[in-house]
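Engineer: Have a look at this one.
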Ligand SMILES: [Zn+2]
């Protein structure tokens, strides 16, 4: 059986040298035009060693010692240019003395036994994993970047096994080479000249009938990437390996992606959001076949950039699946809000970071790389222009085709396309600086002035673009776009505006402050701002200034006025969050109670279900006013409000149990009896322990909750900790 495959790469440690850098450099001058013709004998059990034969052809310009890397065992004969030779292996190297080498083409034939270091072996499968210069643990090769080779693979497999390996005439480096074999089932799909192949074991997947859709989604992503990058997918086959759940992280291959069955099979009742997440995950892995494989980070301190680029392209690929009107607000509430929250905290760190030995899941979930990276890419695209960015990415791929490059190599290309547009700052401050800047808006001598202040006191700034709304007499108004390519930007105005709304479109990244006189009128604009996105951005700007003490808590009244009419569920949730924060900040208890009751008084004013849900769900997490609690008690007791589901009632029960310590047990018991299935009861039993009135018991529980490792219990533990903290 013969297969050929070359490996996708989504991994932190690609292209590391197995060889000291200096020796690696010298070797690139000694050998070129390398081809490996590899035969592997794959045993049926994981205890037997894999053996093989490597025919290594290369060109040597002059006579010189040639060193191969190999950590396995040499077996049998060693032929150099068809003659049997005695060759020594020492410290993972095989050196062929120059007397056996001829200038011109050379050919070695080596029989060997592989080490298991780079093989993931179960009883019924074998995956190679040649990152970090590990290919030479499996077969003799020149295991370093800079010596790309073509591969021919012959696999001798146990009966009933199937396999995949990368077949391409494109020379690739050893870390991108791979093969996978096992007792796999296979499904295929032909699309645009490629064969999409899914390899899987029945026991690893929840629902075989979803495979055609998964193959279709992967094929769509391949086509999209080919169109966007102008760079065809260079392999015949595109593999999709469904990994056993025990292999938790994905494995990277040049012509295959690997996915965990757990992540991509949705349940029969899966929501639109779950389907979208699956699409994003598949698209992300496919995009790595270009950014990660076709061009790879030059070392582990550059790994972050392939994630940033891949996330950006994934978002572009899947953007139209989001409803259009919501996409912008979704971006602000998810990516941008998460990035700003962490960047504004003491835990802030730069996008460019080096994490040794971290697997792909880490990079997928890292909020700075995924969220701040996405915000940065949006600005790059906006400032440089969609077309220019696309062209720069195309040039980047072409120039570093199947080799390594740094983020600055990309920024240099981009900067050449759009000089003087601040692109250098994206290679510098945007990726290397941490913290949220402050952007101050003021009016002075006929000019609007915007000044960006570096959070760390330095001179670096973050180039960005945002809108500002100017309002004059009789509510005449206009919007100006601010292109902040310098730390100070000015815009000439004919007339002084009465009101200025900074960051009107919400896209700006930072704290937006203003002179006090302008700040005063800002909350009054909430209710008259009609557009959802603009109103949402304004509410956030005002709240940010409330938090820094520039807006008084009395603006609660403006939020109340808006809430009586508000129709947008997202704005409702945001406004209620802000109102509750103002209430909780009151140091006088009676004031807090009054404000909580005010929020409850909105229920008859705005009868929308979304409003009712936003208010009661918020109250269920932190209400403390006795009257409010008694209203919540009635809602909980009736258990019949169609706006709420089982989880809402569980949440209400937790709050009521915490605030009514004498009735704690009764409330929890009653709620438990009402639960419909075992899973809900299991969760309830786990979380409700946080309601315990005994402080010592809670302390002990806190310690144990912090140690929870189980994936199912982790969110429950976080929930219980939240309950303990916000009593
Ligand atoms: Zn990734």
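Bear in mind that the values in this text are calculations on the coordinates, not laboratory data. Predicted model only: the values in this text are computed from it and were never measured. When we count neighbours, we look across all protein chains shown, and the Cβ atoms used for this are built from the backbone with ideal geometry, even at glycine.
Engineer: Once both labels are modelled 7 Å past Cα along the beta-carbon direction, what's the residue 587-residue 203 spacing in nm?
Structural biologist: Going by the 7 Å Cα→Cβ label model, 6.4 nm.
Engineer: Compute the angle between helix 626-638 and the longest alpha-carbon principal axis of the chain, please, reported from 0 to 90 degrees and rounded to the nearest 10.
Structural biologist: Between the helix axis and the principal axis of the chain, the angle is about 60 degrees.
Engineer: Mind giving me the nanometre distance, one decimal, between the label points for residue 673 and residue 353, set 7 Å out from Cα along Cα→Cβ?
Structural biologist: 5.0
Engineer: Ranked highest first by average number of other Cβ atoms within 10 Å, how do 558-569, 583-594 line up?
Structural biologist: My ranking of the peptides, most packed first, is 558-569, 583-594.
Engineer: Rounded, prolate or oblate: which one fits segment 45-172, using the alpha carbon gyration tensor with axes a ≥ b ≥ c (rounded when a/c is under 1.5, else prolate when a/b beats b/c, else oblate)?
Structural biologist: Cα axes put segment 45-172 in the prolate bin.
Engineer: Classify segment 409-547 as rounded, prolate or oblate, taking a ≥ b ≥ c as the square roots of the eigenvalues of its Cα gyration tensor: rounded when a/c is under 1.5, otherwise prolate if a/b is larger than b/c and oblate if not.
Structural biologist: It comes out prolate by the Cα gyration axes.
Engineer: Same structure, new question: For segment 21-287, give me the percentage of DSSP beta bridges that are antiparallel, rounded to the nearest 5 percent.
Structural biologist: Antiparallel: roughly 75 percent of the beta bridges in segment 21-287.
Engineer: How many times 2.2 N^0.38 Å is the alpha carbon radius of gyration of segment 56-115?
Structural biologist: 1.07
Engineer: For segment 298-432, what is the convex hull volume of the alpha-carbon atoms per residue, in Å³?
Structural biologist: 116
Engineer: Rounded, prolate or oblate: which one fits segment 21-287, using the alpha carbon gyration tensor with axes a ≥ b ≥ c (rounded when a/c is under 1.5, else prolate when a/b beats b/c, else oblate)?
Structural biologist: prolate
Engineer: Can you work out D for segment 465-588 in µm² s⁻¹ from Stokes-Einstein, where Rh is the Kirkwood radius over C-alpha pairs, the temperature is 10 °C and the viscosity is 1.306 mPa s?
Structural biologist: My calculation gives 105 µm²/s for D.
Engineer: If you fit an axis through the alpha-carbon atoms of helix 272-287 and take the longest principal axis of the Cα set of the chain, what angle between them do you get, 0 to 90°, nearest 10?
Structural biologist: With rounding to tens, the tilt is 40 degrees.
Engineer: Where does the Debye-calculated log10 I(q)/I(0) of segment 645-727 sit at q = 0.11 Å⁻¹, using only Cα point scatterers of equal weight, no solvent?
Structural biologist: -0.26
Engineer: Can you give the relative contact order of the chain as a percent, counting alpha carbon pairs under 8 Å and 6+ residues apart?
Structural biologist: Over the chain, the number comes to 8 percent.
Engineer: Using DSSP, restrict attention to beta bridges with both residues in the chain and report what percent are antiparallel, rounded to the nearest 5.
Structural biologist: Around 75 percent antiparallel, to the nearest 5.
Engineer: So what's Rg/Rh here for segment 491-533, counting alpha carbon atoms and using the Kirkwood radius for Rh?
Structural biologist: A ratio of 0.96.
Engineer: Follow-up. Could you put 380, 257 in order, starting from the residue whose Cβ has the fewest other Cβ atoms within 10 Å?
Structural biologist: With the fewest neighbours first, 380, 257 line up as 380, 257.
Engineer: Using only C-alpha positions, report the orientation-averaged shadow area of the convex hull of the chain, nm², one decimal.
Structural biologist: Quarter of the Cα hull surface area: 36.7 nm².
Engineer: If neighbour count is taken as other Cβ atoms inside 10 Å, put 185, 48 in order from fewest to most.
Structural biologist: Lowest count first: 48, 185.
Engineer: For labels at residue 703 and residue 399 in the simple 7 Å Cα→Cβ model, what's the distance in nm?
Structural biologist: 5.8
Engineer: Another question, if that's okay. Going by average Cβ neighbours within 10 Å, how do the peptides 214-222, 472-480, 336-344 rank, with the highest at the top?
Structural biologist: Going from most to least packed, we get 214-222, 336-344, 472-480.
Engineer: Put one equal scatterer on each alpha carbon of segment 16-107, apply the Debye formula with no solvent term, and list log10 I(q)/I(0) at q = 0.12, 0.15 1/Å to two decimals.
Structural biologist: -0.42, -0.65
Engineer: What is the distance in Å between the Cα centroid of segment 553-590 and that of segment 609-654?
Structural biologist: After rounding, the separation between the Cα centres reads 17 Å.
Engineer: If you don't mind, another one. Note the angle between two axes, namely the Cα long axis of helix 664-674 and the longest principal axis of the Cα atoms of the chain, as a number of degrees from 0 to 90, rounded to the nearest 10.
Structural biologist: For helix 664-674, the angle is close to 60 degrees.
Engineer: In what order do 57, 630 fall by count of nearby beta-carbon atoms within 10 Å, going from fewest to most?
Structural biologist: Ascending Cβ contact count within 10 Å gives the list 630, 57.
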